[in-house]
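Undergrad: Encoded as structure tokens, here's the structure I'll be asking about.
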Amino acid sequence: MPLLDVRNLKLYYGTTKGVLKALDGVSFELEEGETLAVVGETGSGKSTLAKAITRVWERNVVLVDGEIYLEGEEVLHMPEERFRKEIRWRKIGMVPQASMNALNPVITIGEQMIEPFVLQGVPKSEALRLAQDALESVGLPRDTIHRYPHQLSGGMKQRVVIAMAIMARPKLLILDEPTSALDVMTQANIMNLLKGLKARLKLSYILITHDLALASELADSIAVMYAGKLVEIGSADDVYTAPAHPYTQGLMSSMPTLRTDKQLSYIPGEVPSLIEPPRGCRFHPRCPYYSSDKSLKGLCDDKEPPAFEIKPWSGRRHLAACWLYQFKLGTS
Ligand code: SF4
């Protein structure tokens, strides 16, 4: 049984211009102890996926659909009270995007760390001990509880928000762009910290990032999102070295590398509106295969591609939602 099993997950928002389909039928599994990196451009739905799994969506949500099983138990439609007490923070920890900048400047680190626990009835002395243990786990001194955010560097603040997320010893940690606001040396330190924590605490990670190098460094598997859809998923090696979906291929070729002097390319156009997304494959207005191959007209722009298996099952599945693979390999 996988640790996390996400099935046909949908999250729609109501806006003045219409219904925005931020997540539109996303499915994947995560095994215990594994790291899944979710990559894609801004607006692809990566952060919405994190919000949907932790159920911290905005108020204008108009549809939440699908199923999420955590250790076999459905948690997407569980009563909110129970989810708050038993799942959020206790089984699923979260480091939201830019969360180190959201630390309250006039409250000590310790008070901020213990607040959710004290609200749930944990004695203050016990909560403070948990906070100190968590700070120690991320390489900070136990007396950091007495300090204020302005007394800490960016790297230390990021360690504090990671400590907050692991305080209750969750099984799954969702990290949304955990290194994006940090300098290169601090990024490397945080990456090493995350690797160490994963091994020591037997954590599973969902790593939301636009940084493909970070994804390939930390992840066992990579999921690629485009316009609210998951378009490719497979082992980090397969997706990184042999990307199958034309969108993933475009992302890879736009990534600079130190090892070769290859010409960088870019994906023309922009991520489409999620209020009126393109019919059929949402990538077709930007896809080089669609624009050059007449046989794809009337197919890519009309029918949504299912996930096709790219290579025969051998350990981790490699799937891509692209019509190019319909005759080559058979459906999943
Ligand atoms: Fe391109 Fe068609 Fe594949 Fe979409 S389904 S990525 S338009 S070839």
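The values are calculated or read from the model by the stated rules, or taken from the named source; none is laboratory data. Bear in mind that the values here come from a model prediction, so they are computed numbers and not experimental data. Note that each Cβ is placed from the backbone with ideal geometry, even for glycine, and that neighbours are counted across all protein chains shown. Heads up: the accessible areas ignore ligands, DNA and RNA and are worked out on the full protein's heavy atoms, side chains in. Shrake-Rupley method; radii C 1.70, N 1.55, O 1.52, S 1.80 Å.
Undergrad: Using only alpha carbon positions, build the gyration tensor of the range 1-151, then give the equivalent ellipsoid semi-axes as the square roots of 5 times its eigenvalues, largest first, whole angstrom.
TA: 31, 19, 16
Undergrad: May I ask you to list the aspartates and glutamates whose Cα is less than 17 Å away from that of K311, ignoring any residue fewer than eight positions away on the same chain?
TA: E232, D237, D238
Undergrad: Dividing the Cα convex hull volume of the chain by residue count, how many Å³ per residue is that?
TA: Taking the convex hull of the Cα positions in the chain, it is 149 Å³ per residue.
Undergrad: Sticking with this one: Rounded if a/c is under 1.5, else prolate if a/b is larger than b/c, else oblate: which is the range 226-329, with a ≥ b ≥ c the root eigenvalues of its Cα gyration tensor? Write out the running numbers ahead of the final one.
TA: Numbers: a/c = 1.70, a/b = 1.15, b/c = 1.48.
Oblate.
Undergrad: Then there's this: Given an 8 Å cut-off on Cα distances and at least 6 residues of separation, report the relative contact order of the range 226-329 as a percent.
TA: Values: 139 pairs, mean separation 32.0, N = 104.
31 percent.
Undergrad: Not counting the cut sites, what is the longest span of the chain without chymotrypsin sites (Phe, Trp or Tyr not before Pro) that DSSP labels loop and that have at most 11 other Cβ atoms within 10 Å? Don't jump to the answer; show the numbers that get you there.
TA: Numbers: sites that count: Y266, W313.
Answer - 1-265.
Undergrad: Please list, in order along the range 110-122, the HN-Hα scalar couplings obtained from phi with the Karplus expression 6.51 cos²θ - 1.76 cosθ + 1.60 (θ = phi - 60°), rounded to whole Hz, x for Gly and Pro.
TA: x, 4, 5, 6, 8, 3, x, 6, 5, 4, 8, x, 6
Undergrad: Let me ask something additional. For the pairs K51/K297; K17/K85; K85/K198; K51/K171; K171/K303, note any where the Cα-Cα span goes beyond 28 Å. Could you put the intermediate results ahead of the total?
TA: Values: K51/K297 36 Å; K17/K85 36 Å; K85/K198 24 Å; K51/K171 17 Å; K171/K303 38 Å.
Check vs 28 Å cut-off fails for K51/K297; K17/K85; K171/K303.
Undergrad: Could you give the accessible area per residue of the chain, probe 1.4 Å, as a whole number in Å²?
TA: Numbers: 15930 Å² over 332 residues.
It amounts to 48 Å² per residue over the chain.
Undergrad: Another question about this same structure. Roughly how large, in nm² to one decimal, is the mean projection of the convex hull of the alpha-carbon atoms in the range 77-225? Could you put the intermediate results ahead of the total?
TA: On the way: hull surface 37.4 nm².
In nm², the orientation-averaged hull projection of the range 77-225 is 9.3.
Undergrad: First compute the accessible area of the range 226-329 with a 1.4 Å probe, then give the percent of it belonging to carbon and sulfur atoms. Show your work: numbers first, answer last.
TA: Values: 3270 of 5880 Å².
Answer for the range 226-329 is 56 percent, counting heavy atoms of protein chains only.
Undergrad: OK, next. Pick from S235, S27, S254: which residue has the top mean-square fluctuation in a GNM of the chain where Cα pairs under 10 Å get a spring?
TA: Per the Cα network of the chain with a 10 Å cutoff, S254 tops the list.
Undergrad: Right, another one. Restricting to Cα pairs below 8 Å that are 6+ residues apart, what does the relative contact order work out to for the chain? Please round to a whole percent.
TA: Working: 614 pairs, mean separation 62.6, N = 332.
Normalised by residue count, the contact order of the chain is 19 percent.
Undergrad: What is the calculated FRET efficiency for S291 to S180, with r their C-beta to C-beta distance and R₀ = 30 Å, to the nearest 0.05? Provide the component values of the computation, followed by the final result.
TA: Details: r = 33 Å, r/R0 = 1.09.
Given R0 = 30 Å and the Cβ-Cβ separation, E is 0.40.
Undergrad: Another one. About its Cα centre, how strong a charge dipole does the chain have in debye, to the nearest 20, once Lys and Arg get +1 and Asp and Glu get -1 at the Cβ?
TA: Values: 39 positive and 39 negative charges, 40 e Å.
With only Lys, Arg, Asp and Glu charged at Cβ, the dipole is about 200 debye.
Undergrad: Which FRET efficiency value, to the nearest 0.05, do you get for D133 and N8 by plugging their Cβ-Cβ distance into 1/(1 + (r/R0)^6) with R0 = 45 Å? Don't jump to the answer; show the numbers that get you there.
TA: Details: r = 39 Å, r/R0 = 0.86.
The pair D133/N8 has a calculated efficiency of 0.70.
Undergrad: Let me ask something else. Quick one: length gained pulling V118 to S253 fully straight, 0.36 nm per residue minus the C-alpha distance?
TA: Using 0.36 nm per residue and subtracting the Cα-Cα distance, I get 43.7 nm.
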